[in-house]
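The values are calculated or read from the model by the stated rules, or taken from the named source; none is laboratory data. Fair warning: this is a prediction, and the values are worked out from it, not measured in the lab. Every residue, glycine as well, gets a Cβ built from its backbone with ideal geometry; the counts of neighbours run over all protein chains shown. Just so you know, the surface numbers come from the protein's heavy atoms only, side chains and all, with ligands and any DNA or RNA stripped out. Shrake-Rupley method; radii C 1.70, N 1.55, O 1.52, S 1.80 Å.
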Amino acid sequence: MRRRRRPYPTDLTDAQWAAIAELVPQARPGGRPRRASSRELVNAILYVLRGGMAWRLLPHDFPPWQTVYYYLRRWQAEGVWERIHHAVLLADRARAGREASPTAAIIDSQSVRTGDQKGA
């Protein structure tokens, strides 16, 4: 078992993890057991994405970069990130005292593309 590493600024807090933990899938039954925890995989993904770095530059105290990348792509294909984004968005709107869904939108001339107008 690995010893606990020092936290990085991109690591989730306990409260942040509690908010999304149930949305992150556990290891599938059968096959090899997962060595890394779901939280550690999410922390590693956030480290790379926030830093805008190459996967191979992931520090050695995280799970192997190939494992982290595999789960990023798998969870992306399964819609996990979309569910997390939606849950966090709703929680943030509730925290701000707003309704779950926006009730209005603003569209201006820069938002809508018009047809090609020659000579205009």
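Things worth noting here:
- Residues satisfying the stated conditions in the range 8-26, i.e. open to solvent by 70 Å² or more (accessible area, probe 1.4 Å) and within 19 Å of GLN76 (Cβ to Cβ): GLU22, GLN26
- A count restricted to the range 37-65 and to residues that are farther than 16 Å from ARG6 by Cα and either in contact with a Ser or Thr (Cβ under 8 Å, 6 or more places away or on another chain) or of a type in the set (Asp, Glu) (or both) stands at 2.
- Residue count for the range 19-35 under the criterion of being in contact with a Leu (Cβ under 9 Å, 6 or more places away or on another chain) and more than 22 Å from HIS86 (Cα to Cα): the result is 1.
- Residue ID - least open to solvent (accessible area, probe 1.4 Å), chosen from residues in the range 78-94 that are without any contact (Cβ under 8 Å) to a residue 24 or more places away in the chain and of a type outside the set (D, E, K, R): GLY79
- Taking the listed residues ARG35, ARG73, ARG50, the one that is open to solvent by 60 Å² or more (accessible area, probe 1.4 Å), of a type outside the set (Ser, Thr, Tyr), in contact with a Pro (Cβ under 9 Å, 6 or more places away or on another chain) and outside any loop (DSSP other than H, G, I, E, B) is ARG50, with no other qualifying.
- Enumeration of residues in the range 36-53 that are in contact with a helix residue (DSSP H, G or I) (Cβ under 8 Å, 6 or more places away or on another chain) and basic (Lys, Arg): ARG39
- Filter pass, GLU40 being open to solvent by 80 Å² or more (accessible area, probe 1.4 Å), in a helix (DSSP H, G or I) and either at positive phi or acidic (Asp, Glu) (or both): no
- Picking from residues in the range 53-70 that are open to solvent by 70 Å² or more (accessible area, probe 1.4 Å) and outside any helix (DSSP H, G or I), the one that is nearest to ALA27 (Cα to Cα) is PRO64.
- When PRO29 is tested against (1) loosely packed, with under 15 Cβ neighbours inside 10 Å; (2) part of a helix (DSSP H, G or I), exactly one condition is not met: (2).
- When the range 13-26 is filtered for residues that are touching a helix residue (DSSP H, G or I) at 6+ places or on another chain (Cβ under 6 Å) and not in a helix (DSSP H, G or I), only VAL24 remains.
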